Amino acid sequence: MPRVNSFSDLLTLDHAQESTHAWASARPLSASIEAAAVWLADWIAEHRCGGAPSYYTAWERRAAGGGPHPPILAECIGAFVASESIGTPTAPAPDQHLQGFVAEHLWAVLITEGTILHETPLRVDGPDWSVTDSGGDGLAIYRRQPLGLSFCLWESKTHTGSGEIRDTVNGACRQLDGSALRYLAQFSKLGQQIPDVEIRNFYARLPELWKLGAPEAGGGICVSANDDPTVVVEHCFGNLGSYWSFSQPEQRSGVLALIADLPAFASRVREQLWKGL
């Protein structure tokens, strides 16, 4: 499909800096919901086939209406694209897993593009291969002046039921608070494979920087939810400043992705991913 320059081109974005944290929101334009679902599916397929770009090319050709893949190629592409978080047309994954999978990739696209928080990361780790994996959801590395390298550890959640979004945010904050050292140790192990010595050494210090509340550390919560015109975004992140021992507001970030019908959107993303199998 012809691609717009970025996912953010299909969205309405809002952003604010509060005294204790920053928050941002993203809503697909009403005429762009379908385009956003197709764009995200394409990005997911390309991202997951990153180590085997020929599989993405084959997936893209099939998704555009091309003929069936040879059997072995079809199985290989399925292994990359149709994980247990998505499933196959004959064995779809549970809706809860699918929605979590889509939410994590919404976070990844928004953070990678840098538009929503007005800052482009040097590197983004995540999402996990499967939503049932026990590691951290995502890590963004930045180069900021005068700090040099810094990071934000992210937790991604969905909110489609009753109750307030701020309750989901608070629960995610507590989860990140209790699991941050384990998550960062896992990301640190990944970082030991990076050729750049400066970045590799920075990854080795992630848990310590978090524990110290150092200026180089930060935490973020991204919630994907059904859009509701009555939602006041800043209220959703009103307690963010109560969590984590950071001294600067830019060390805490909240992102809210608001979709008119998040379950239907997630299903549409999956349908598009299946088209390329």
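The values are calculated or read from the model by the stated rules, or taken from the named source; none is laboratory data. Predicted model, so just to flag it, every value in this text is computed and none were measured. Cβ placement follows ideal geometry from the backbone for every residue including glycine, while neighbour counts extend to all protein chains displayed.
Summary of values
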read-out: Of all residues making up region 123-136, the number that are without any contact (Cβ under 8 Å) to a residue 40 or more places away in the chain and closer than 20 Å to Ser8 by Cβ; value: 3
read-out: Test: residue in region 95-105 that is surrounded by fewer than 23 Cβ atoms within 10 Å (Cβ to Cβ) and among the β-branched types (Val, Ile, Thr); value: no
read-out: Residues being in a strand (DSSP E or B) and not β-branched (Val, Ile, Thr) - total across region 245-277; value: 6
read-out: All positions within region 58-84 that are surrounded by 12 or more Cβ atoms within 10 Å (Cβ to Cβ) and more than 11 Å from Leu277 (Cα to Cα); value: Ser83, Glu84
read-out: Matching option when the condition is modelled with pLDDT of 95 or more, part of a loop (DSSP other than H, G, I, E, B) and charged (D, E, K, R), among Glu208, Glu216; value: Glu216
read-out: Total residues in region 127-142, condition within 11 Å of Glu155 (Cα to Cα) and buried (at least 23 other Cβ atoms within 10 Å of the Cβ); value: 5
read-out: All helices (runs of 4 or more DSSP H) inside region 1-83 with 2 or more residues being under 23 Å from Trp107 (Cα atoms) and at pLDDT 95 or above; value: 33-48, 53-63
read-out: Qualifying positions in region 93-125 - touching an Asp or Glu at 6+ places or on another chain (Cβ under 7 Å) and over 21 Å from Phe265 (Cα atoms); value: none
read-out: Residues of region 155-171 satisfying the condition of being outside any helix (DSSP H, G or I) and surrounded by 20 or more Cβ atoms within 10 Å (Cβ to Cβ); value: Glu155, Ser156, Lys157, Thr158, His159
read-out: Test: Ala103 is in contact with a Leu (Cβ under 6 Å, 6 or more places away or on another chain), touching a residue at least 40 places away in the same chain (Cβ under 8 Å), under 22 Å from Asp261 (Cα atoms) and assigned to a helix (DSSP H, G or I); value: no
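A quick yes/no check of all residues on (1) of a type in the set (S, T, N, Q); (2) touching a helix residue (DSSP H, G or I) at 6+ places or on another chain (Cβ under 7 Å); (3) free of Cβ contacts under 8 Å to residues at least 24 places away in the same chain; (4) closer than 23 Å to Arg174 by Cβ:
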site	(1), (2), (3), (4)
Val197	no, no, yes, no
Arg200	no, yes, yes, no
Leu209	no, no, no, yes
Ala225	no, yes, no, yes
Val233	no, no, no, yes
Cys236	no, yes, no, yes
Tyr243	no, yes, no, yes
Leu256	no, yes, no, yes
Val269	no, yes, no, no
